[in-house]
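Chemist: Before anything else, here's the structure in question.
Please treat every number below as a calculation from the coordinates, not as lab data. It should be emphasised that the depicted structure is a prediction, and the values quoted were computed from it without experimental measurement. Note that we place each Cβ from the backbone using ideal geometry, even for glycine, and neighbour counts take in every protein chain shown.
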Amino acid sequence: MLSTVARPLLRASLASVPRRMPVAAATAATASYSTKPQPLTILTEDEQMLASTVARFAEDKIRPRVRQMDAVGKIDADILKGLHEQGLMGVEIPAEYGGTNASFMSACLDWPRSIRASKDKYLPRLATDMVGSFCLSEAGSGSDAFALQTKAEKKGDDYILNGTKMWITNAAEAGVFLVMANADFSKGYKGITCFIVDRDTPGLEIGKKEDKLGIRASSTCSVNLTDVRVPASNILGKFGQGYKYAISMLNEGRIGIGAQMLGLAQGVFDVTMPYLHQRKQFGTIIAEFQGMQHQIAQVATEITAARLLVYNAARLQEAGRPVAQEAAMAKLYASQVAETSASKCIEWLGGVGFTKDFPAEKYYRDVKIGKIYEGTSNIQLSTIAKSISAQYRS
Ligand SMILES: Cc1cc2nc3c(=O)[nH]c(=O)nc-3n(C[C@H](O)[C@H](O)[C@H](O)COP(=O)(O)OP(=O)(O)OC[C@H]3O[C@@H](n4cnc5c(N)ncnc54)[C@H](O)[C@@H]3O)c2cc1C
């Protein structure tokens, strides 16, 4: 999913160069970092700068509106505007297009020169005032994503798209959609091609907006495509390579979801701990009961382990190394830890944890998505198992 609200925020803390840093300087910074290994949790100066920008924005602009956005199920337009102004929606976009950083995006999409025009048109907008959506899932193809039925028929120099996409993040706000459609069913998944479709293209309609358990401020809608005509020049990359781009985007996305889950796990822990150090029962601070201390230590350890998995996967991605297994592990584990952390925090808070007066219940609702989107936990386990098998099979 391109640019969900939470992901750029969290991923920003892992990005390696500040907004508008010259490319040469960025390369030098990366080079000196890579020659001197550092503990994974020690961020570079640039990363720290970006992380504090994100933390400030989250504290000043997002926190005061969280409750209201959750209640109405809609992101505040000012937040999106602010994210763009801070450069946080362009953390993966090359600096030459007004974004912050080339490496993550380049690793994700090998966009050939022939679509330079598309890059010129969309990347500066995505960095400054536009949101994009990634349209892969359909009613009949979720985990089995490449069984998608949206079809693209060639008519002269154009393609005509027909089908319905489901569960599309940001669809309500998006200005551009990356649509996966099969342009040659006889080739199976190798017919899947990725089309760039403008929101105002005739025949593209945003359908039902889902009323969700969590991440309610992020829109999730169906997208209907009825005789949507797009020029062949709107093919992203190469014909029939859509499945490869989808895999790349999902691998990268899984690290993003891992980071999102890590942020939620740490966030709910951080809002809970002060209460446990104030409230007394039986004349004792709750956090001083050994029965509580051991549970707290266990959750803190799991959060730290999740952080190492997520940061390592992000570093591998930045370095252009294979990352499928590590990305799947990071997402799988971080989403498990986030659920444990949120659940435990509610229990530790007692009755107040179960009310909307305290933020823990929202964390508990928000973490659930981590085990579902960008591949369910079972699908992550299958990916990991396949990768392990390949290493040991003779
Ligand atoms: C809030 C939200 C946002 C989303 N955003 C996007 C988006 O922006 N773009 C997009 O394209 N999609 C998006 N999705 C779709 C999401 O990726 C799918 O929901 C997800 O991949 C699961 O597919 P499904 O819902 O069809 O479940 P199913 O595939 O029907 O799975 C149901 C259950 O069966 C299990 N299962 C299925 N196959 C196997 C197997 N082989 N082995 C073991 N267990 C299996 C699953 O693990 C799961 O528990 C979003 C979904 C949600 C809920």
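Chemist: Among all the lysines, which ones have a C-alpha under 19 Å from LYS238's C-alpha, if same-chain residues fewer than 8 places away are not counted?
Modeler: LYS119, LYS121, LYS151, LYS154, LYS155, LYS187, LYS190
Chemist: Follow-up question, since we're still on this one. Which of the chymotrypsin sites (Phe, Trp or Tyr not before Pro) across the range 238-301 are loop residues per DSSP, with 10 or fewer other Cβ within 10 Å? Present the calculation step by step, with values, prior to reporting the outcome.
Modeler: Working: sites: PHE239, TYR243, TYR245, PHE269, TYR275, PHE282, PHE289; in loops: PHE239, PHE282, PHE289.
Here the chymotrypsin sites (Phe, Trp or Tyr not before Pro) that fit, given the DSSP loop and packing criteria, are PHE282.
Chemist: Suppose every Lys and Arg Cβ carries +1 and every Asp and Glu Cβ carries -1, with no other charges. What dipole size does the range 236-289 come out with about its Cα centre, to the nearest 20 debye? The partial results should precede the final answer.
Modeler: Numbers: 5 positive and 3 negative charges, 43 e Å.
Here the size comes out at about 200 debye.
Chemist: Which distance in nm do the two modelled labels at ARG365 and ALA51 give, with both placed 7 Å along the Cα-to-Cβ direction?
Modeler: 3.0 nm
Chemist: Rounded to whole Å, give me the distance from the Cα center of the range 63-104 to that of the range 174-250.
Modeler: So the separation of the two Cα centres works out to 22 Å.
Chemist: Does anyone have the angle between helix 242-276 and the longest principal axis of the chain? Alpha-carbon axes, 0 to 90°, nearest 10?
Modeler: Long axis of 242-276 versus the principal axis of the chain: about 20 degrees.
Chemist: If you don't mind, there's one more thing I want to ask. Can you compute the FRET efficiency between ALA305 and LYS61 using 1/(1 + (r/R0)^6), with r the Cβ-Cβ distance and R0 = 22 Å? Round to the nearest 0.05. Let's see the in-between values first.
Modeler: Numbers: r = 31 Å, r/R0 = 1.41.
Once the sixth-power term is evaluated, E becomes 0.10.
Chemist: Helix-only estimate, please: 222 nm mean residue ellipticity of the chain, summing -39500 (n - 2.57) across DSSP H runs of length 4 or more and dividing by its residues, to the nearest 500.
Modeler: Working: 12 runs with 182 residues, N = 394.
Result for the chain: -15000 deg cm²/dmol, rounded to the nearest 500.
Chemist: With a cut-off of 8 Å between alpha carbons and a minimum separation of six or more residues, what is the relative contact order of the range 129-282 in percent? Please list the in-between numbers first.
Modeler: Numbers: 284 pairs, mean separation 35.5, N = 154.
It rounds to 23 percent for the range 129-282.
Chemist: At 0.36 nm per residue, minus the direct Cα-Cα distance, what do ASP78 and SER233 gain on full extension? Give it in nm, one decimal, please. Provide the component values of the computation, followed by the final result.
Modeler: Numbers: separation 155, 0.36 × 155 = 55.80 nm, distance 3.37 nm.
Extending this stretch completely gives an extra 52.4 nm.
Chemist: Can you sort ASP46, ASP357, ASP76 so the residue with the fewest Cβ neighbours within 10 Å comes first? Intermediate values should be presented prior to the final figure.
Modeler: Working: ASP46 21, ASP357 9, ASP76 17.
Going from least to most buried by this count: ASP357, ASP76, ASP46.
Chemist: To test your reading of the geometry: what angle, between 0 and 90 degrees and rounded to tens, separates the Cα axis of helix 377-392 from the longest principal axis of the chain?
Modeler: The angle comes out near 80 degrees.
Chemist: How high is the relative contact order of the chain, given as a whole-number percent (alpha carbon pairs under 8 Å, six or more residues apart)?
Modeler: On the way: 677 pairs, mean separation 60.3, N = 394.
Answer for the chain is 15 percent.
Chemist: From the residues PRO39, ALA390, LEU161, which one has its Cα farthest along the dipole of the chain in the positive direction, the dipole being from +1 and -1 charges on Cβ of Lys/Arg and Asp/Glu about the Cα centre?
Modeler: The listed residue farthest towards the positive side: ALA390.
Chemist: Under a point-charge model restricted to the Cβ atoms of Lys and Arg (+1) and Asp and Glu (-1), what is the dipole moment magnitude of the range 132-240 relative to its Cα centre, in debye to the nearest 20?
Modeler: Values: 13 positive and 13 negative charges, 42 e Å.
Charge dipole, the range 132-240, about its Cα centre: 200 debye, nearest 20.
Chemist: If I stretch the segment between ASP211 and THR226 completely, what's the gain in nm (0.36 nm per residue apart, minus their alpha carbon distance), one decimal? Intermediate results must be reported in sequence, preceding the final value.
Modeler: Numbers: separation 15, 0.36 × 15 = 5.40 nm, distance 2.45 nm.
Between ASP211 and THR226, full extension yields an extra 2.9 nm.
Chemist: Arranged by the count of other C-beta atoms within 10 angstrom, fewest first, what order do ILE379, ILE215 take?
Modeler: Fewest to most other Cβ atoms nearby, the residues stand as ILE379, ILE215.
Chemist: Of the options ALA319, PHE269, ILE346, report the single residue whose Cα projects farthest towards the positive end of the charge dipole of the chain (beta-carbon charges: Lys, Arg +1; Asp, Glu -1).
Modeler: Result: ALA319.
Chemist: Report, to the nearest 10°, how far helix 116-128 tilts away from the longest principal axis of the Cα atoms in the chain, using its own Cα long axis and a range of 0 to 90°.
Modeler: Taking Cα atoms only, the helix is inclined about 30 degrees.
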